[in-house]
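The values are calculated or read from the model by the stated rules, or taken from the named source; none is laboratory data. Every value quoted in this text rests on a predicted model; they were computed, and no experiment measured them. All Cβ positions, glycine included, derive from the backbone under ideal geometry; neighbour counts span all protein chains shown.
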Amino acid sequence: MAYCKSFKGYLKEKNNLFILSFKMKIIRFTEKNCFNQISYGRLDDKKIFKLLNSPYDEILEFSEQSLGLSTVELLTPVSPQKIICIATNYSGSTGVDHKMVEPVIFLKGNNTITSGKEVVHLPFQLNCWGESELGFVVKKTIKDIGTEDFDPSSYILGFLPCNDISCSNISERDHHLARSKSADNFCPVGEYIDTKYNPENKSIKAYHNGELLRDGNTSEFIWNPNKIIYELSKWMTLCPGDLILTGAPKRTRDRQFLEDGDEYTVAIEGLPILKNTFTK
């Protein structure tokens, strides 16, 4: 067993604690010879170093021995208690009202979490579409933080690409879009959490069957991650592992509905491509 102190040269001291300060790709996996045990780890090139404690701890401990990618089954890097989504968060996107004094939010069920490896089934022959979004993972319990002026690394574990899949309101009777947003696998996420990702001034695009559909930049955020945490924590306790989606950039053309065999790609600058295919 090796503790994080073994990463000499990659540590910074803060309040007499040694904290990992280099970029990490946090993954979640099972070993193929032990499918009933779920572990977290650090992806380093094609090697995995198993995390010996929780990814939400201040000091992280890793095994000295590495695992090869061929020996594990990668899972989604998050298994959130709740998924909180911000609507109309980009200047110029549909529905934006610059007189808004707080973000518009909605929830998705945690049954929606899936990976880019999965084929997403579109339910009931309804009109469905994807939305490219930057997501972030809550690092610690937050309630009524009281300010927007805080170090985000203290409260955000990291960032990852997400696809907020939706279907049309069911004859206008789906109150608050609960079903329309929460069908199984309606929230694909990237393969790892990037713990040192800087979300400022990053391009974010979506492609439907290879054609550009959404195009924006995080500099167009109305509510940045600090503001989102500040506003949400007034109303609800944010828990370690909760996933927050920051909204979709404006469309470059009319909405395109997903059809059987279609491919939808989320491309966010500095993060891995997230790509899913769909079936009806």
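Details
- Within the span defined as the range 217-225, one or more residues are farther than 24 Å from Asn110 by Cβ and part of a loop (DSSP other than H, G, I, E, B).
- Checking each residue in the range 73-104 for being of a type in the set (A, V, I, L, M, F, W, C) and at pLDDT 95 or above picks out Leu74, Leu75, Val78, Ile83, Ile84, Cys85, Ile86.
- Residue match in the range 200-215 (condition: buried (at least 23 other Cβ atoms within 10 Å of the Cβ), within 30 Å of Lys143 (Cβ to Cβ), in contact (Cβ under 8 Å) with a residue 60 or more places away in the chain and assigned by TED's automatic domain parsing to the domain that holds Phe106): yes
Okay, residues lined up against (1) in contact with a helix residue (DSSP H, G or I) (Cβ under 6 Å, 6 or more places away or on another chain); (2) of a type outside the set (A, V, I, L, M, F, W, C); (3) under 12 Å from Pro161 (Cβ atoms):
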{"site": "Lys202", "(1), (2), (3)": "yes, yes, yes"}
{"site": "Tyr207", "(1), (2), (3)": "no, yes, no"}
{"site": "Leu212", "(1), (2), (3)": "no, no, no"}
{"site": "Gly241", "(1), (2), (3)": "no, yes, no"}
{"site": "Leu245", "(1), (2), (3)": "no, no, yes"}
{"site": "Asp262", "(1), (2), (3)": "no, yes, no"}
{"site": "Ile268", "(1), (2), (3)": "no, no, yes"}
{"site": "Pro272", "(1), (2), (3)": "no, yes, yes"}
{"site": "Phe278", "(1), (2), (3)": "no, no, no"}
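- Counted as qualifying within the range 102-168 are the strands (runs of 3 or more DSSP E) with 2 or more residues that are under 16 Å from Cys187 (Cα atoms) and polar (S, T, N, Q), namely 113-115.
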